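Since every read-out is calculated from the coordinates, none of them should be taken as a lab result. Keep in mind the model is a prediction, meaning the values are calculated, not measured. Cβ coordinates were reconstructed from backbone atoms using ideal geometry, including for glycine residues, and neighbour counts include every protein chain displayed.
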Amino acid sequence: MEASVIYHDGEEVEVGWFGLMLYRLRGFWRTCKQTDWKNYFQGNGPGEVTWKEFTGFRENPNDLGCSAQWCICVKGGIRMRDGNYYYRNITVSDLERCVDKDWSDKVKGKVAEQERILDLYAEPDCSCRLGFHCRCPYHKTTKH
């Protein structure tokens, strides 16, 4: 039989296969007790946008393009006490060329679309609280 080393109370302990399984089972049980499994697959409940910021376009260091971010904080419902934070990236390949050819309406449209998608995180049925986007009715069909 092969022995394994586990850390128990700050000390190394050498255990066999059965002891290792008991150690892992205890860790799983501890995780289940500390986790909110009841609410894991639920939506967030009604939320309120408490903070929203647009960073503005900045040049990418390794690319000709520019990128910007919308950042948001949503509180309320079964979210964490400090709220959940989300962000959306907006990338434009060549901002100067877009302005020169009067494509600024396209860029403004991209910014407005990402803001609209970001605001959906405050909806009661949004289940993206823990990054579970595939069950969310708002973000599963949205192209990221």
Using alpha-carbon coordinates, inclination of helix 104-119 to the longest axis of the chain, degrees: 30
Computed [θ] at 222 nm, helices only, for the chain once each DSSP H run of length n ≥ 4 contributes -39500 (n - 2.57): -9000 deg cm²/dmol
Lysines with Cα under 25 Å of K108, excluding same-chain neighbours fewer than 8 positions away: K52, K140, K143
Gain upon complete extension [E2, F28; 0.36 nm per residue less C-alpha separation]: 7.1 nm
Extreme residue, positive dipole direction of the chain, given options P46, G19, N62 (C-beta unit charges): P46
Student exercise, the chain dipole from Lys, Arg, Asp, Glu Cβ charges, in Debye to nearest 20: 620
